[in-house]
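The values are calculated or read from the model by the stated rules, or taken from the named source; none is laboratory data. No experiment lies behind these values; they were computed from the predicted model shown. Ideal geometry is used to build each Cβ from the backbone, glycine not excepted, and the neighbour counts take in all protein chains shown. Side chains included, ligands, DNA and RNA excluded: accessible areas come from the protein's heavy atoms. Shrake-Rupley method; radii C 1.70, N 1.55, O 1.52, S 1.80 Å.
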Amino acid sequence: MAVCEMKFISIIGLMSEIDDVIRICGNSKSFQPDNVFSFYSNTEKFSHVLEENPYSESLKILKDTVIASGQTLDLVDVENFYIDNNQISEYIDNLSEKLGKLVEKKKVLKGKLDKYIKEKKQLEHFFGLNKRLDEIMSCEYIKARFGRLPRESHYKLSLYEDEKEVLFFPCTKDDMYYWGIYFAPIDILDEVDRIFSSLYFESVEITYVNGTAEENVKRLKIIEEEVKKEIGKIDAKIAEFWKHQKGQCMRLYSKLEELIVYHEVKRYAARYNYSFILVGWIPADKEIEICQKLDSINSVEYSTEKGKDMLKHSPPIKLKNRRFFRPFEFFVETYGLPNYNEVDPTIFVSLTYIVLFGIMFADLGQGLVLSIVGYLMWKIKKMKLGRALISCGISSAFFGTIFGSVFGFEDALDGFYKNVFGLNEKPVSVMASNTTNVIIYSAVGIGVFLLIVAMMINVYSLVRRKKFGEAIFSQNGVCGLVLYSSSVLMLLDLMLFKYGFANSLYIALLIVTPIFFILFSEIFIKMFDGNSDWKPKSWGDYIAQSIFEMFEVVLSYVTNTMSFLRVGAFVLVHAGMMMVVFTIAEMFGPIGYVITLIAGNIFVLCLEALLAGIQVLRLEFYELFSRFFQGTGKAFSPVVSRKADI
C-alpha cells in the first residue's frame with residue numbers, strides 16, 4: 001500500500017537563469033510546479049512572471065506548413081538537441097518559403113482541378129442536345145437558360161401549355177430533378193424568368209461552350225489529366241523535400257512543443273527584484289538527480305522539505321505498486337486518489353477484487369477464455385481493464401476447478417479429483433441442495449471478514465494521519481471494530497456454537513460500551529484531541545441527533561454485511577444459467593446441441609463477466625472503501641511536453 005514519497009522543492013535564482021532551471025526540471029519529467037504565492041505569507045514585493053510565449057507563432061507556422069503539405073508530425077526525443085531562437089526563425093522561414101511555394105502551387109492546381117471536375121459534371125447533365133452550346137448561347141433574339149427543375153415543378157409546366165413562350169427541353173433526369181434548357185424571346189425574357197423562378201428552377205453557369213456538351217466533356221477530361229500530372233509532380237517534389245527535412249523538422253517541432261510547455265511553467269513562478277522563486281513537487285527518489293543538475297547553475301539556491309511536513313499544501317499523489325497490483329490502480333483512480341498520508345488501497349483492492357470475482361464467476365473454461373480476452377485487450381488496444389481481467393480470469397479458472405465447472409459441465413473434472421486427490425466427488429457441488437446454505441453463509445462470512453479488515457485499515461490510516469480520537473471513538477475506529485466483531489461473535493454463539501459466553505458482562509463491555517462511545521463520539525474525539533470547544537450547544541438536540549445517527553450506524557453494519565450475499569448468489573446464478581443453456585441445447589440435434597452450447601457459453605461469459613465485475617466493484621466502493629478511504633488526493637502531474645495536436 002504505497003504512495004510514492006514526495007519532496008517539496010523551492011528554487012531561487014536570477015531571472016536570467018529561469019529558463020535553464022525550468023529546462024532542468026522539465027527534462028527530469030519529475031517536477032510538478034505549484035503556485036509560489038500560496039507558500040509565502042508576505043508576497044507584497046512579489047510579482048507574476050508575465051511574458052508572451054515567444055514560440056507559439058513559430059510552432060503555428062511550422063504545423064500549418066507541414067500539415068498543408070500532407071505530412072504528419074510526431075514527437076521525438078530532443079533532450080540533447082539544442083537550437084537558439086535565431087536558428088529556429090531562420091529554419092522556419094526557409095521551410096515555409098520552399099515548402100510553402102510548392103504547397104501554394106499545388107493549392108492553385110487543386111482549385112483548377114475542382115473547377116474542371118465541377119464543370120464536367122454539370123455538362124454531363126446536358127448530353128443529348130446534339131447542338132453546339134456556343135450556337136445556342138449566341139442566339140440574338142432568343143435567350144437560353146441552362147439549369148435544373150424539380151420533378152414536381154416539371155409536372156406543373158402543363159399549366160403553362162397555352163403560353164407558347166414557356167418552353168423547357170429536358171436532357172437528363174435523376175430522382176429529384178430534370179436537367180435541361182428553357183428558351184425565351186428577349187422581349188419577354190424577364191416574364192419567363194419569373195415563371196421559372198416560381199417553379200424553383202436553378203440556373204447553372206456553363207463556361208465551356210465551344211462545341212457540344214459531349215465534346216466539351218472530352219476536352220475537360222484531357223485537361224483534368226494534365227492537371228493531375230502537374231499535381232503529381234509537385235507531390236513528388238514535396239515528398240523529396242520532406243525526405244531530407246523530416247528528421248530536422250521533427251526535432252524542431254518537438255523542441256518547440258517542449259519550449260512552449262516549459263515557458264508556461266513561468267506563470268507559476270514569482271519575480272522578486274532581479275530574482276525569481278519557483279516551487280514544486282518532486283518524487284523523493286529523483287531529488288539527488290535534479291539537485292545535482294541545479295548545482296551546475298551558480299546563481300541558483302534551493303531547499304527541499306519532506307512531503308509529510310507540508311500536508312497543509314496537499315502534496316500530489318503518485319501511486320507506487322508492484323507490477324502485479326498495478327493494473328488495479330485503475331479502479332482506485334476511478335474512485336479517487338488517496339491523500340498523501342492516507343493508505344493506498346491498491347493491494348487490498350487487487351486481492352479482494354480478484355478473489356471475489358473468481359468466486360462469483362467460477363468456471364475453469366470461461367475463466368481461461370476471459371484471461372485470453374483480457375490479454376488481447378491490453379496488448380492490442382492498450383486497455384487498462386484488460387490487464388485486470390487477466391488475473392481475474394485466472395482466479396475464475398481456479399475457483400472453477402474447486403467447483404468442478406468447465407464451460408458449464410459440472411462433472412468434467414470428476415476424473416481429475418479421483419486420480420489426483422483420491423476424491424469420489426468434487427470438493428464443492430454447487431447444485432447440491434445441502435450446499436446452498438453453506439455458500440450463502442460463506443458469502444456472509446467473507447463480508448464480515450472484509451469489513452473487519454477494512455475497519456482495521458481505517459484505524460491504521462487514522463493513526464498515520466495523527467487523528468487518534470477518531471481512530472478510537474468513530475464508528476469505523478476501535479469502538480466500531482469492537483462493536484461489530486462482538487455483535488457477530490454473539491450472533492454466532494446464539495445461533496451455532498451455544499457456548500453461552502454472551503453474558504451480561506460481555507454485552508456491557510463489548511456491546512453497550514462501544515455504542516456509548518460511538519453515540520457521543522464527536523464529544524470524545526474533541527476532548528481526546530484537546531479541543532476545548534467540545535460541549536454541544538444543546539444537549540437535547542445533540543442526543544436526539546446522535547440516537548438517529550446510531551441507528552444509521554447499526555443499519556450500515558447490517559446492510560454492508562448482507563450486501564455480500566450477492567457473492568453467494570452469483571455462484572448459484574452461474575450454475576443456474578448454464579443449466580438453462582444445457583436444457584435448451586438438448587432440444588436440438590447433435591449439430592444444434594454444439595452450436596447452442598457455444599452460443600450459450602459466449603452469452604453467459606459476456607453477461608456474467610460484466611455483472612460480476614460491476615457487482616464486485618460496487619462492493620469495493622460502497623461497502624469497503626466507505627469504511628477507510630477518502631479518495632480526495634490530487635494526482636502528480638509533472639511537466640512534460642504535450643503530444644502533437646494534429
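Which whole-number value in Å² is the accessible area per residue of segment 11-164, probe 1.4 Å? Mind showing how you got there, number by number?
Values: 9530 Å² over 154 residues.
Accessible area per residue: 62 Å².
Considering only TYR177, GLY147, ASN216, whose Cα is most displaced toward the positive end of the charge dipole of segment 146-217, charges sitting on Cβ of Lys, Arg (+1) and Asp, Glu (-1)?
Of the candidates, TYR177 comes out farthest on the positive side.
Mean separation of Cα pairs under 8 Å and 6+ residues apart, divided by the residue count of segment 406-480: what relative contact order is that in percent?
Details: 41 pairs, mean separation 11.1, N = 75.
It rounds to 15 percent for segment 406-480.
Give me the accessible area of HIS154, 1.4 Å probe, in Å² rounded to the nearest 10.
About 50 Å², ignoring ligands and nucleic acids.
Taking the radius of gyration and the Kirkwood hydrodynamic radius from Cα positions alone, what is the Rg/Rh ratio for segment 97-250, to two decimal places? Mind dumping the intermediate values first?
Values: Rg = 21.8 Å, Rh = 18.4 Å.
Ratio of gyration radius to Kirkwood radius for segment 97-250: 1.19.
With runs of 4+ DSSP H residues as the only contributors, calculate the mean residue ellipticity of the chain at 222 nm using -39,500 (n - 2.57) per run, divided by the residue total and rounded to the nearest 500. Display every interim value, and only then the final one.
Working: 21 runs with 347 residues, N = 646.
For the chain, the value works out to -18000 deg cm²/dmol.
Sort largest first and round to whole Å: the equivalent ellipsoid semi-axes of segment 556-632, each the square root of five times a Cα gyration tensor eigenvalue.
Taking √(5λ) for each eigenvalue gives 37, 13, 5 Å, largest first.
Heavy atoms of the protein only, probe of 1.4 Å, neighbouring chains included. What is the accessible area of ILE543 in Å², nearest 10?
Per-residue accessible area (ILE543): approximately 70 Å².
For segment 317-395, what % of the accessible area comes from carbon and sulfur atoms, probe 1.4 Å? Don't jump to the answer; show the numbers that get you there.
Values: 2280 of 3410 Å².
On segment 317-395, the fraction of accessible area on carbon and sulfur atoms equals 67 percent.
Only Cα pairs under 8 Å and at least 6 apart count here; give the relative contact order of the chain as a rounded whole percent.
On the way: 883 pairs, mean separation 133.9, N = 646.
Across the chain, relative contact order equals 21 percent.
Ranked from highest to lowest mean number of other Cβ atoms within 10 Å per residue, what is the order of the peptides 552-558, 622-628? It would help to have the intermediate numbers written out before the result.
Numbers: 552-558: 14.4, 622-628: 19.1.
Going from most to least packed, we get 622-628, 552-558.
How large a share of the accessible area of segment 92-179, in percent, is made up of carbon and sulfur atoms when the probe is 1.4 Å and the other protein chains stay in place?
Exposed carbon and sulfur together represent 51 percent of the surface.
Using the heavy atoms of the protein chains and a 1.4 angstrom probe, tell me the accessible area per residue for segment 512-646 in square angstrom.
Values: 7720 Å² over 135 residues.
Result: 57 Å² per residue.
Hey, can you find the accessible area per residue of segment 211-322 for me, probe 1.4 Å, expressed in square angstrom? Each step should come with its number before you reach the end.
Details: 6030 Å² over 112 residues.
Accessible area per residue, segment 211-322: 54 Å².
Going through the cross-link list LYS45/LYS308; LYS106/LYS255; LYS60/LYS98; LYS466/LYS526; LYS7/LYS266, which pairs have a Cα-Cα distance over 23 Å in this structure? If you can, show how the numbers build up before the last one.
Values: LYS45/LYS308 29 Å; LYS106/LYS255 29 Å; LYS60/LYS98 17 Å; LYS466/LYS526 13 Å; LYS7/LYS266 20 Å.
Exceeds cut-off: LYS45/LYS308; LYS106/LYS255.
So how do TYR499, TYR335, TYR506 rank on accessible area, 1.4 Å probe, biggest first, that is with the largest at the start? It would help to have the intermediate numbers written out before the result.
Details: TYR499 170, TYR335 80, TYR506 30 Å².
Descending accessible area places them as TYR499, TYR335, TYR506.
Taking every pair of Cα atoms in the chain, average 1/r, invert it to obtain the Kirkwood radius, and report Rg/Rh to two decimals. The partial results should precede the final answer.
Numbers: Rg = 39.2 Å, Rh = 33.6 Å.
On the Cα set of the chain, Rg over Rh gives 1.17.
With all pairs of different alpha carbon atoms counted, what Kirkwood hydrodynamic radius in Å does segment 206-269 show? All intermediate terms of the calculation are to be shown ahead of the outcome.
Numbers: mean 1/r = 0.0612 Å⁻¹.
Hydrodynamic radius (Kirkwood, Cα only) of segment 206-269 equals 16.3 Å.
Over segment 345-404, consider all pairs of different Cα atoms and compute the Kirkwood hydrodynamic radius from their mean reciprocal separation; express it in Å, one decimal. Show your work: numbers first, answer last.
Details: mean 1/r = 0.0898 Å⁻¹.
The Cα-based Kirkwood calculation yields 11.1 Å.
Can you run phi through the Karplus equation (6.51, -1.76, 1.60; θ = phi - 60°) for segment 525-536 and list ³J(HN,Hα) in whole Hz, with x for Gly and Pro?
Whole-Hz 3J(HN,Hα) from phi for segment 525-536: 5, 5, 5, 5, 7, x, 8, 5, 8, 9, 7, x.
List the equivalent ellipsoid semi-axes of segment 495-646 in whole Å, largest first, each obtained as the square root of 5λ for an eigenvalue λ of the Cα gyration tensor. Walk me through the numbers before you get to the answer.
On the way: eigenvalues 491, 195, 30 Å².
After scaling each eigenvalue by five and taking roots: 50, 31, 12 Å.
Taking only the C-alpha atoms, wrap a convex hull around segment 62-138 and report its volume per residue in Å³ as a whole number.
Expressed per residue, the convex hull around the Cα atoms of segment 62-138 is 120 Å³.
With a 1.4 Å probe and all protein chains in place, put THR207, THR346 in order of accessible area, largest first.
Order by accessible area, largest first: THR207, THR346.
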